[in-house]
Structures are given as structure tokens and as C-alpha cells.
Amino acid sequence: MKKKVLGALLVTTMLASMLAGCGGKSASNGKVLNIYCWNEEFKSRITDHYPNYTEVDATTGKIGEVTVKWNITPNENNAYQNNLDATLLKQEDAAADDKVDIFLVEADYALKYVDTEYTMAVKDLGITDQDVANQYKYTKDIVTDSKGVLKGLSWQGCPAVLFYNREVAKEVLGSDDPAVVQESVKDWDTFVATAATMDAAGYDMVSSVNDTYRVYSNNVSTKWVVDNKIQIDDNIMKWVDDSKKLVDAGYAGTHELWSDDWSKGFYPEGKVFCYFGPAWLVNFSMAADQPGSVGNLGQWGATVGPQGFFWGGTWICAATGTDNVELIKDIMLQMTTNEELMTGIVKKDDDFVNNKPAMEAMAADTSYSSAILGGQNPLAMYCEGAESIDLSNLSAFDQGCNEEFQKAMKNYFEGNADLNAALDLFYKAVEEKYPELTH
Amino acid sequence: MKKAKRGKVVSYNKWGYIFLIPFITVYVVFQLIPLVSTIVNSFFENYRSGLTQIGPTFIGLANYKEIFANPDIWIYAQNTLIMWVMGFVPQILVSLLLGAWFSDPSLRLKGQGFFKTVIYLPNLIMASAFSMLFFTLFSDGGPINSILIQMGILDEPFKFLSHVWSTRTLVALMNFLMWFGNTTILLMAGMMGIDTSLFEAAQVDGATPTKIFYKITLPLLKPILIYVMITSLVGGLQMFDVPQILTNGNGEPMRSSMTLIMYLNKHLYSKNYGMGGALSVILFVITGVLSLVVFKFSNNKEK
């Protein structure tokens with residue numbers, strides 16, 4: 001046994017010295033930086049804001065000597081995760097230049113990666129707690145593993161608010177002032193009552209009941225899964241009750257998010273009062289660049305809504321085995337802690353960035369306002385929202401549970417099943433996705 | 001001398017084997033190995049939880065027990081058969097009618113080539129694209145609902161994909177549209193293979209066209225009809241793409257349009273090769289039995 005260990009040690013030393021001799025560079029300075037992500041967002045942030053980055057073509061770039069390779073796989077049907085899983089599982093055997101260096105994750109499935117050996121602790125990259133002190137706590141909670149180790153960083157914060165159609169608010173509620181509108185949506189019972197008023201005036205309160213889902217599901221008191229048993233939180237069941245009321249009374253539809261039917265309310269003819277979402281939704285996803293849309297006319301207003309919540313966000317994780325430790329450290333520090341660079345993102349891209357003092361300063365700055373929101377400065381609302389987000393109840397199964405729950409409940413809302421049958425369908429679907437779970 | 005002759009015979013054989021190599025290789029790599037490994041997998045617990053691989057652990061027939069203990073598989077089998085029958089019955093009727101018209105020389109149909117091409121065309125579109133098209137057409141705010149409302153037939157949009165029978169009908173309709181051209185051509189080939197002297201003799205004896213169809217065409221077409229039926233049944237059992245895309249993989253409402261293969265696909269989310277394998281083996285057995293039936297009938301024909 002001892003001999004074997006000694007042999008292995010000798011071989012490793014020999015190999016290490018050989019490698020050092022060949023490359024003439026330390027192991028933390030590979031020539032290729034492989035980045036795995038699902039859309040162009042991070043790439044455009046790097047291109048626009050990271051110093052020394054030069055674009056070569058659509059999928060490659062250069063930072064000094066290092067070639068940056070973008071491996072972009074769309075999110076649809078889990079394709080991004082499937083691809084990433086397959087690559088990470090082969091990480092150990094891959095050649096240094098083929099190893100994943102950086103991969104991006106979303107909140108819904110962050111734990112799946114963070115809670116494994118495949119993700120490097122941020123501390124091991126040389127980033128200290130001091131460095132990330134200005135970041136919002138929730139953005140760190142999401143990527144902290146079960147042992148309390150921070151394993152990723154994000155440049156953005158995604159506190160979400162309620163966006164309402166100002167014209168409709170004036171007509172039905174008598175004012176489009178955020179404070180007045182807030183009174184009509186201050187809690188869920190008032191929200192449902194206002195929905196009746198909206199319906200009488202010919203408007204849908206929300207496009208689909210799935211719009212409100214995340215607001216409820218972010219304010220739960222238990223995890224989806226505890227000891228491999230599926231739990232349904234009371235607040236989620238409240239979503240079911242409230243939504244059933246809305247659907248039965250015809251105050252809202254049951255479309256899936258992102259469907260054509262869902263998006264109709266982006267235009268005045270769609271007759272929808274409000275949507276729920278973070279900054280990126282109203283800026284990028286609600287047809288603000290299309291003439292005639294509510295956003296283009298500057299007729300959205302923002303208010304806090306019944307409960308605070310967050311939606312989306314992208315985290316940067318370093319893959320174990322990377323040969324670009326120094327570069328990753330610099331990218332993380334620049335993108336998520338450099339105040340000047342980050343305020344640049346807010347001004348250019350209307351994003352809400354993960355830097356508390358900087359955002360609070362901008363919230364107080366009267367010169368900043370959003371055209372889509374009719375000249376309102378929503379940053380103060382986002383700041384407040386970001387403070388109140390509590391993410392202690394995330395689990396690695398959230399994505400599957402959230403998706404399947406909404407799908408199953410659609411049957412209940414539309415009258416194709418009673419509540420128990422719909423819940424059974426949910427359990428069945430989740431247990432198919434995650435065979436280790438029971439209920 | 002003798003030896004050289006034998007050598008020649010052997011070398012002919014050699015070419016036979018060489019020509020077989022491409023087929024055998026492709027068959028072994030893409031059919032036989034997956035088939036055997038599927039059967040082997042079905043006896044193991046083997047799935048992935050997040051990034052953690054569970055198993056493979058040998059668990060004997062536990063996967064089969066789990067599948068049969070759950071009544072769901074019969075519901076999905078029933079869904080599959082219902083949607084297949086709903087599509088197959090109109091398909092065979094329309095195909096018989098078109099086949100009879102196309103193959104009847106006394107009708108002197110014009111532009112036969114054109115129509116034969118047109119009815120076959122839907123089959124050339126990818127099933128998923130076809131399904132996507134129907135999904136958009138029949139969505140709650142889609143063109144079909146707009147037209148029906150504008151014509152005053154409906155007061156508010158009908159949610160086609162939220163009702164059991166409208167969803168199943170759409171799936172059946174799509175399968176019908178995609179496959180009736182193919183069936184027509186098969187049946188037509190069968191009808192044209194029937195000896196024309198039989199038709200002439202019947203006409204001379206004063207039989208009506210309806211009588212000729214029922215007494216001569218149909219009985220002689222039986223082997224082809226059975227072939228069409230069994231291949232369609234085998235295809236129907238494997239129905240996947242159309243309902244998968246139309247219902248977003250959920251078989252909604254309440255899984256009433258979920259087919260067996262869609263159920264199989266559900267297990268692949270967690271790379272559950274054990275359960276997936278067991279389900280595949282069950283499907284394989286059913287399909288195998290049906291293929292044996294075809295084999296038996298085609299043998300009868302030769303007698």
C-alpha cells in the first residue's frame with residue numbers, strides 16, 4: 001500500500017515538473033477559457049463592460065493571450081443543463097483546454113450544481129468575504145451550498161415588482177399614481193377584489209394566473225422537498241385558491257408564460273391590467289421596442305404589489321478543474337464588485353445590479369428615470385425588494401416542482417380535475433422526474 | 001485442379017459476406033446492441049439525481065413490478081389506442097374510397113398524378129412542424145378561434161387543448177392527414193394487382209360497382225388491408241411526436257392524451273434507464289407479437 005502511494009506521488013511529481021517544463025506557465029493560466037451559458041446576455045455584458053475583451057466572432061473572443069470560447073446552448077427542454085451535465089461529468093478526463101472553466105446557473109437549479117464537487121468555492125479563487133460585502137445577501141444565499149460555502153457570484157439583482165397599465169389604472173381606479181394603485185393591490189384579498197372591478201370594466205387583472213405564481217412561491221415557509229419527501233407550502237395552496245377564484249370568475253386566463261396568448265397584454269388591445277416581474281421583464285421581454293405597445297408608449301407604472309419576490313438572475317460559477325483561476329477571479333471581481341463598471345450596466349442596459357450602495361445612490365438620484373415606466377424611477381422599489389427577499393427555502397428540486405405544479409393545477413383551474421386529482425398528478429409527475437422522491 | 005475450383009467457390013461466398021458487412025455493422029451497432037442493453041438495463045436501478053449517478057444496481061424484476069403495480073400504464077395504453085382508432089378508421093375509409101376511384105379505369109379521372117402527390121404531401125412535413133402548426137392554429141387566441149368568433153359560431157374562444165376530446169380529436173386528425181395518402185397508395189397498389197378479368201366478368205354478369213367493390217375488391221384486398229392495419233397499429237403504439245408537441249409533453253388535460261412513448265420519455269428526464277428499459281421491453285413484446293401476426297398472414301397469402 002505504502003509503495004503504491006509513494007509510486008503515485010513520484011509519478012505526479014514527475015508529470016507536474018514535465019508539464020511545468022513544457023508550458024513554462026503555471027497551471028492556473030490556461031490558453032482557453034470555456035464559458036457555458038444559455039443566451040447572449042453574459043456575453044454582451046462582457047463585451048460591453050469587461051476591460052481588455054475583444055470579440056473575434058460570434059462564439060469566440062480574446063482577453064489578452066487567452067481565447068474565450070462561448071458554448072451557448074438554449075434553455076428549452078432542459079437542453080442547457082443536459083449538455084452541461086454531460087460535460088461536467090467528463091470534466092476530469094478532458095484535456096486542459098476542453099475543460100469547463102465558467103458556467104452560468106439560474107436560481108431554480110443553482111443548488112443542483114452548487115451542492116456538488118463540480119463547482120469551486122469562491123474563496124478558493126482568492127475572493128474574500130470583504131470583496132463581496134456590497135452584494136445583496138439573497139444573491140449569495142442562492143449559491144451557498146449545504147455546508148455554508150459560497151460558490152458563485154452574480155452581477156445582477158432581480159427583485160420584482162408589479163407593472164400596471166397606467167391608462168387602465170386611470171380609467172378604473174381613478175389614478176395612475178403608484179401609491180394609489182398600491183392600495184388596490186396591497187394584499188391578496190384586495191388583489192382579488194380589485195380583479196372584480198377590473199372585470200366589470202372589461203379588463204383582465206393579470207394575463208394568466210401563472211403570472212402570480214412566483215410571488216407566492218417566493219414567500220413560502222417550507223422547502224419543496226424535505227428528507228426526500230415532497231411538501232406543499234400553505235402559501236402555494238393559497239395561490240391555488242386565489243387563482244381558482246380568478247379563473248372561475250373569468251378575471252384571468254390560464255396560459256403558459258411566454259405563450260402568444262400570455263403576451264397579448266403587452267399591447268393596449270390585450271386589455272390586461274398588470275404583470276409581475278423584475279427590471280429585465282419590462283425592459284426586454286414586454287415588446288417595449290414595438291411601436292404601439294404599452295411599454296413603447298411609456299404607459300407602464302411600477303408598484304410593490306401584494307408581496308415582494310424575485311425572478312431570474314444569472315450566477316457565475318467556476319468549474320472545478322479549471323486552468324484559468326486567475327482570469328476567473330478577475331472576471332468575477334470586475335463584473336460583480338467593480339462599482340464603476342456596474343453602474344455602467346445600469347445606465348446602458350437598464351439592469352438592476354448587485355451592488356447595494358451603488359443602487360441606493362442611484363435610487364436617490366432624480367436624474368435617472370425609465371421611459372418605459374412613464375418617467376418613474378423604480379430603483380428605490382427594487383432596492384427595498386432586494387432587501388426583503390428571503391431564500392432560505394430553496395431546494396435542488398425547485399425547477400421541476402415549480403414547473404409540474406403549475407402544469408398540474410391548470411387542470412384544476414380549467415375544471416378537468418378536482419383538487420385532489422390535480423395534486424396526485426403533480427406528485428406523479430415530480431416522482432417521474434426525481435425517482436428518489438416520495439410524498 | 002480440384003483445389004483451384006474449390007477456391008473459386010469460396011471466393012464467391014466471400015463476396016456475399018463482404019456485401020453483408022455494411023448491413024450487419026449498422027444493424028449490430030444501431031439495433032442489436034441498443035436492444036440488448038435496453039433489456040439488460042431494465043433489470044437495474046439506474047438513474048441520475050442532479051449530478052449524482054444512482055446505481056446501476058441489479059434489482060431483478062422490480063422495475064416491471066412497479067410498472068404493472070401502477071394502473072397508469074393501462075390508461076396510457078388506452079389513450080394510445082383510442083387516438084389510434086380515431087385516426088385509423090377515417091384513414092382506412094377515405095383511403096379505400098380514393099384507392100377505388102384512382103384504380104377504376106372506367107372513371108377516367110384527370111390529373112391523377114397531381115392528386116396522388118398532393119394527398120401524400122402532408123407526410124413529407126416533419127410531424128413536429130405539423131404539430132406546432134396545429135398548436136398555433138388551435139391556441140386560445142389563435143386563427144381558428146378568431147374565425148369561429150367572427151363568423152358568430154362561438155361567443156368566446158373554445159380552449160381546444162383544455163378539453164379531453166378536442167385534444168384527442170386534433171391528434172387523430174393530424175395522424176389521419178399525415179397518413180391517409182400513404183395508405184391510399186398502398187391500397188391502390190393492392191387493387192391494381194387484382195386480375196382485371198375478374199372485374200370484367202362481374203360487369204358482364206351485371207354486378208353494380210358497389211357489389212363489385214364488396215364482393216371482389218375487398219376480399220382480394222384482405223392481405224394488404226391486414227398488412228396496412230398491423231403496420232399502422234405498430235406505428236400507432238409508438239405514437240409520440242404529434243401529441244408530444246401538441247401538448248407540450250404533458251398529455252394534457254389530466255394526461256388523457258399521454259401515449260405510452262410519451263410516458264417512456266418522462267422517465268428519461270432523470271436518465272432513468274431502468275424504468276425506461278422495462279417499459280421499452282413491454283412495448284417490444286407487444287409490438288413483436290403483432291409483427292408475428294403480420295408474418296402469419298403474409299405466409300397464408302403465399303399458399
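Each reported figure results from applying straightforward, stated rules to the coordinates on display, with no laboratory input. This is a predicted model, so every value here is computed, not measured. As a convention, Cβ positions derive from the backbone with ideal geometry for all residues, glycine included, and neighbour counts pool all protein chains shown.
Assigning unit charges at the beta carbon (Lys, Arg +1; Asp, Glu -1) and nothing else, what dipole magnitude in debye, to the nearest 20, does region B:4-131 show about its Cα centre?
Working: 9 positive and 4 negative charges, 195 e Å.
With only Lys, Arg, Asp and Glu charged at Cβ, the dipole is about 940 debye.
Per residue of region A:62-73, in order, report the coupling 6.51 cos²θ - 1.76 cosθ + 1.60 (Karplus, θ = phi - 60°) as ³J(HN,Hα) in whole Hz, putting x for Gly and Pro.
9, 10, x, 7, 8, 8, 9, 10, 9, 9, 9, 10
If you take every DSSP beta bridge fully contained in the protein assembly as shown, what fraction is antiparallel? Give it as a percent rounded to 5.
75 percent
Kirkwood Rh over alpha-carbon pairs of region B:37-107, then Stokes-Einstein at 4 °C and 1.567 mPa s: what D in µm² s⁻¹, rounded to an integer? Mind dumping the intermediate values first?
Working: Rh = 16.5 Å.
Calculated translational D: 79 µm²/s.
Could you tell me the ratio Rg/Rh of region B:43-174? Both radii from Cα atoms, Rh via Kirkwood. Please report the intermediate quantities before stating the final value.
Numbers: Rg = 22.7 Å, Rh = 19.7 Å.
Rg/Rh: 1.16.
Between the helical axis of A:379-388 and the dominant principal axis of chain A, each derived from Cα atoms, what acute angle in degrees is found, rounded to the nearest 10?
70 degrees
Would you mind giving the average projected area, over all directions, of the Cα convex hull of region A:104-256 in nm² with one decimal? Walk me through the numbers on the way to the answer.
Details: hull surface 47.2 nm².
For region A:104-256, averaging the hull's shadow over all directions gives 11.8 nm².
Can you check what the net charge comes to around A:Thr60, using other residues whose Cβ is under 15 Å from the Cβ of A:Thr60 (Lys, Arg +1; Asp, Glu -1)?
Values: positive: A:Lys31, A:Lys43, A:Lys62, A:Lys69; negative: A:Glu40, A:Glu55, A:Asp57, A:Glu65, A:Asp97, A:Asp98, A:Asp101.
Residues near A:Thr60 contribute -3 overall.
What angle, in degrees between 0 and 90 and rounded to the nearest 10, separates the Cα long axis of helix A:398-413 from the longest principal axis of the Cα atoms of chain A?
Helix A:398-413 and the main axis of chain A meet at about 20 degrees.
Provide the descending list of Cα extents for region A:45-99 along its principal axes, expressed in whole angstroms.
Over region A:45-99, Cα extents along the principal axes are 32, 28, 16 Å.
Kirkwood Rh over Cα pairs of region B:70-302 into Stokes-Einstein at 4 °C, 1.567 mPa s: D in µm²/s? Before the final figure, lay out each step's value.
Details: Rh = 20.0 Å.
Roughly 65 µm²/s, to the nearest whole number.
What order, most packed first, do the peptides A:402-414, B:80-92 have when packing is the mean number of other Cβ atoms within 10 Å of each residue?
Packing proxy ranking, top to bottom: A:402-414, B:80-92.
Output the peptides A:37-43, B:188-194, A:151-157, A:320-326 sorted from most to least packed, where packing is the average of other Cβ atoms within 10 Å over each peptide's residues. Write out the running numbers ahead of the final one.
Details: A:37-43: 17.7, B:188-194: 16.1, A:151-157: 26.3, A:320-326: 19.9.
Those peptides, ordered most packed to least, come out A:151-157, A:320-326, A:37-43, B:188-194.
Could you compute the FRET efficiency for A:Glu40 and B:Trp15, with r as their C-beta to C-beta distance and R0 at 51 Å, rounded to 0.05? It would help to have the intermediate numbers written out before the result.
On the way: r = 56 Å, r/R0 = 1.09.
Here the calculated transfer efficiency is 0.35.
List the residues, sorted by chain then number, that are 5 or more residues from A:Asn34 or on another chain and whose placed amide H is less than 5 Å from its amide H.
Counting only residues 5 or more places away or on other chains, the set is A:Lys69, A:Asp101, A:Ile102.
With only alpha-carbon atoms in the gyration tensor, what are the semi-axes of the equivalent ellipsoid for region B:110-163, in Å, largest first?
Details: eigenvalues 180, 51, 10 Å².
For region B:110-163, the semi-axes come out at 30, 16, 7 Å.
For A:Leu88, what charge total do you get from the other residues with a beta carbon under 15 Å from its beta carbon, if Lys and Arg give +1 and Asp and Glu give -1?
On the way: positive: A:Lys90, A:Lys99, A:Lys112, A:Lys151, B:Arg48, B:Lys271; negative: A:Asp85, A:Glu92, A:Asp93, A:Asp98, A:Asp101, A:Asp115, A:Glu117.
So the environment of A:Leu88 carries a net charge of -1.
In what sequence do A:Tyr267, A:Tyr213 fall when counting other Cβ within 10 Å, fewest first?
Details: A:Tyr267 18, A:Tyr213 21.
Final ranking by Cβ density, sparse to dense: A:Tyr267, A:Tyr213.
To two decimal places, what compactness ratio does chain A give when its Cα radius of gyration is scaled by 2.2 N^0.38 Å? Could you put the intermediate results ahead of the total?
Numbers: Rg = 23.8 Å, N = 439, 2.2 N^0.38 = 22.2 Å.
Here the answer is 1.07, to two decimals.
Taking every DSSP beta bridge that has both residues in chain A, what percent is antiparallel when rounded to the nearest 5?
On the way: 30 of 42 bridges.
Approximately 70 percent, going by the DSSP bridge assignments.
May I ask which residue of B:Thr217, A:Val192, B:Phe180 lies farthest towards the positive end of the charge dipole of the protein assembly as shown, with charges of +1 (Lys, Arg) and -1 (Asp, Glu) on Cβ and the Cα centre as origin?
The listed residue farthest towards the positive side: B:Thr217.
Could you give the angle, 0 to 90 degrees to the nearest 10, between helix A:2-23's Cα long axis and the longest principal axis of the Cα atoms of chain A?
Rounded to the nearest ten degrees, it is 80.
Determine the shielding of peptide B:43-51 by partner chains: average, over its residues, the number of Cβ atoms on other chains within 10 angstrom of each Cβ. Display every interim value, and only then the final one.
Details: counts 0, 0, 1, 1, 3, 4, 8, 12, 13.
Neighbouring Cβ atoms belonging to other protein chains average 5 per residue here.
Anything over 32 Å Cα to Cα? Flag those among B:Lys65/B:Lys159; A:Lys140/A:Lys407; A:Lys43/A:Lys112; A:Lys229/A:Lys264, in the order listed. It would help to have the intermediate numbers written out before the result.
On the way: B:Lys65/B:Lys159 38 Å; A:Lys140/A:Lys407 30 Å; A:Lys43/A:Lys112 23 Å; A:Lys229/A:Lys264 39 Å.
Cα-Cα > 32 Å for B:Lys65/B:Lys159; A:Lys229/A:Lys264; rest within.
Give, as a single signed number, the net charge of other residues whose beta carbon lies under 14 Å from the beta carbon of A:Ala318, with Lys and Arg counted +1 and Asp and Glu -1.
On the way: positive: A:Lys99, A:Lys123, A:Lys151, A:Lys329; negative: A:Asp101, A:Glu117, A:Asp124, A:Asp145, A:Asp323, A:Glu326, A:Asp330.
Surrounding charge for A:Ala318 is -3.
As an exercise, take the mean of 1/r over every pair of distinct alpha carbons in region A:343-439, invert it, and state the Kirkwood radius in angstroms. Walk me through the numbers on the way to the answer.
Details: mean 1/r = 0.0589 Å⁻¹.
So the Kirkwood estimate lands at 17.0 Å.
Figure the gain on full extension for A:Asp234 and A:Glu55 (residue separation times 0.36 nm, minus the Cα-Cα span) and round it to one decimal in nm. Walk me through the numbers before you get to the answer.
Working: separation 179, 0.36 × 179 = 64.44 nm, distance 4.94 nm.
Full extension of this stretch gives 59.5 nm more.
Which number comes out as Rg/Rh for the protein assembly as shown once both Rg and the Kirkwood Rh are worked out on C-alpha atoms?
Numbers: Rg = 31.8 Å, Rh = 30.4 Å.
Value, to two decimals: 1.05.
Which Rg and Dmax, in Å, describe the Cα atoms of region A:273-321?
Values for region A:273-321 (Cα only, Rg and Dmax): 15.1, 51 Å.
Shielding of A:425-434 by partners, i.e. mean partner chain Cβ atoms within 10 Å per residue? Intermediate values should be presented prior to the final figure.
On the way: counts 5, 0, 0, 4, 4, 0, 1, 10, 5, 7.
The mean count of partner-chain Cβ atoms within 10 Å per residue comes to 4.
Shielding of A:111-120 by partners, i.e. mean partner chain Cβ atoms within 10 Å per residue? Before the final figure, lay out the partial values.
Numbers: counts 1, 4, 2, 0, 3, 3, 1, 1, 1, 0.
Rounded to a whole number, the mean comes out at 2.
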